[in-house]
Amino acid sequence: MPETIGVFVAWPYANGDLHLGHVAGVYIPADTFARYHRLRGNRVLMVSGSDAHGTPITVAAEREGVTPEAIFKRYHRRFLETYQQLGISFDLFTHTHTANHFRVAQEIFRTLYEKGYIFTQTQTQLYCEYDRRFLPDRYVEGTCPYCGYPNARGDQCDHCGRTLDAIDLIDPRCRLCGQRPVPRETEHFFFDLPAFTDRLLAYLERQTHWRPNVQHFVRNFIQDGLKPRPVSRDLEWGIPLPLPGYEHKVMYVWFEAVIGYLSASIEWALAEGQPEAWQAWWRDPGARGYYFIGKDNIPFHAIIWPAELMGYDESLNLPYDIPANEFLNLEGQQFSTSRNWAIWVPDFLSRYAPDPLRDYLTSIAPETRDSEFTWQGFVERNNNELLATWGNLVHRILTFVQARFEGCVPEPGELDGRDHLLLDQIATGFQRIGDLYARVELKAAQREAMALAREVNRYLDEKAPWFQIREDRAAAATTLFVALRAIDSLKLLLAPILPFTSEQLHRLLGYRDRLFGDIVIEPGPETGGHEVLRYRPAASEGRDRWAPSELEAGRPLLTPHPLYQKLEESVIEEERQRLLAQSR
């Protein structure tokens, strides 16, 4: 029976390009997980979009002297192109500046207000006397009161991950002019988060499958005592409050951006011409929603979004799992966009293919602890694992069959014990590796699949068909038949991580269908130049294809070509110098 799987992916602020830290922690894991479930024939809905509102956008706009809309549209388009090149297969990647999102967000705000979960309260907020304005959170920087980090933002400390109120910063300064702001009182709307304490604790008790780092973070956050959260801002850019007399205030971005998971699902259904189709993922008790985020977003997805759903409509599904990743560091330092200490994904893809990046970032994914990208690690992984263990295995089998068996799958003789042992190892790997993918243990799934590739290499070294063929052509034919079935199976086991080259191998093995569909940029369901990214499924999707190979003898194969290219050692120092130069 197919499962209904929601893959809900963090919404990036549309104020700059994506860097490798973003895709390692969120987008590649989400796509790998979604592709696995599509191979299983499950009903997958993977949605996200550009976060078009909030102070990161307005800060960038003021810095450049353009409108916030110009900023978000520029980077939204770049996101679409980057995800398409990297193979991130969103069923819908939209943005938060749509009429649909406005409508859904305002409806949820209004309902929570009418139920008494949102109330007004006078708030002390920092005011810049030089700029004559109240300063939203990201317009303020200062020292974190918890860890002492000197460049904490007014909403969150990037060093310790604690959420903050700008008023609590030590030695605050205005990001616009550098002056010290002063506290003043202003009226704002607040979400009564403490009212959900007992329900959130009960919800947390049921989530025994969550990663320990997420469980511990959430439990400690709740036990420290929940506080009402402001849900309005004094900004011109954003979603206006749907209450008479307060149209000059907008929704706080943390409140409305998480609503995007629901609004994007609704937008996808509208684009499909099935307006109610979204409910399969949001109201069916058997559906499971997985939220792919970085650890800095845990409180918003594990506490605040569930509370919003509880208060708005208890029939809607709460997050089933939140496999939040830790942070990826870069060459011994944290990624820093302000210092340009980053590898930007569009720049990376201008020189390197996507699958080697997906492979390396999966191998070092920060699933339970921070990890590090190094150029030496990337080159070594490409050459010593991806190319030497897997790519060369495929190429030497296919070229040998092309040269000695007229490019067709050889007719095997009777399989011996060693042949059966290899095929049995791979057959049992489908259950074991599939379980790892399903539990979002993607590094372990990759490790198990590559271990099977090494088993195939050992098998070939033992059987040595290039020597067998001199004395016993039938024995060589049997060996190559078994090896072809093995790589055909491994193609599937690695396809969620390596979609581009697995698709190429699928064609080389003579298949006429496709493993996956296309990722296209197209107009959204709304007018006004609204562009979205859409995954268009292949005709073969919708059935369970997660099974060992049944490649038949006699099938013609295509002329092989290498799936991967060796990287020269000189790349390491060239790229390090490029990184140092851009960060000066």
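The values are calculated or read from the model by the stated rules, or taken from the named source; none is laboratory data. In this text, all values refer to a predicted model and were calculated from it rather than measured experimentally. Quick reminder, even Gly has a Cβ in these numbers, built from the backbone with ideal geometry, and neighbours come from all protein chains shown. Side chains are part of the model used for accessible areas, which takes the heavy atoms of the whole protein and leaves out ligands, DNA and RNA. Shrake-Rupley method; radii C 1.70, N 1.55, O 1.52, S 1.80 Å.
Table for the structure above
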item	result
Filter result for the condition that a residue is closer than 26 Å to W305 by Cα, open to solvent by 10 Å² or more (accessible area, probe 1.4 Å) and out of contact with any Pro (no Cβ under 6 Å at 6 or more places or on another chain), over V26, V47, V9	V26
Output for region 169-183, where each listed residue is of a type in the set (D, E, K, R) and open to solvent by less than 80 Å² (accessible area, probe 1.4 Å)	R173
Matching entry among T143, T197, T163, T186 (being more than 27 Å from the chain's Cα centre (by Cα), surrounded by fewer than 19 Cβ atoms within 10 Å (Cβ to Cβ) and touching a residue at least 60 places away in the same chain (Cβ under 8 Å))	T186
Those residues of region 446-462 which are hydrophobic (A, V, I, L, M, F, W, C) and without any contact (Cβ under 8 Å) to a residue 40 or more places away in the chain, in sequence order	A451
Among (1) free of Cβ contacts under 8 Å to residues at least 60 places away in the same chain; (2) of a type outside the set (D, E); (3) over 30 Å from R288 (Cβ atoms) - the single one T122 does not satisfy	(1)
Residue tally, condition open to solvent by 40 Å² or more (accessible area, probe 1.4 Å) and either closer than 14 Å to S50 by Cβ or among the acidic types (D, E) (or both), over region 65-83	7
Positions within region 205-224 being in contact (Cβ under 8 Å) with a residue 24 or more places away in the chain, surrounded by 15 or more Cβ atoms within 10 Å (Cβ to Cβ) and either in contact with a His (Cβ under 6 Å, 6 or more places away or on another chain) or assigned to a helix (DSSP H, G or I) (or both), in sequence order	N213, V214, F217, V218, F221, I222
Any hit, region 466-481, residues being under 17 Å from L39 (Cα atoms) and out of contact with any helix residue (DSSP H, G or I) (no Cβ under 6 Å at 6 or more places or on another chain)	no
Region 235-266 - residue that is open to solvent by 10 Å² or more (accessible area, probe 1.4 Å) and in contact with a Pro (Cβ under 7 Å, 6 or more places away or on another chain) and, of those, nearest to G154 (Cα to Cα)	Y252
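For every residue, the table says whether it meets (1) touching a strand residue (DSSP E or B) at 6+ places or on another chain (Cβ under 9 Å); (2) modelled with pLDDT under 95; (3) in a helix (DSSP H, G or I).
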site: Y36; (1), (2), (3): no, no, yes
site: V44; (1), (2), (3): yes, no, no
site: T58; (1), (2), (3): no, yes, yes
site: A61; (1), (2), (3): no, yes, yes
site: R74; (1), (2), (3): no, no, yes
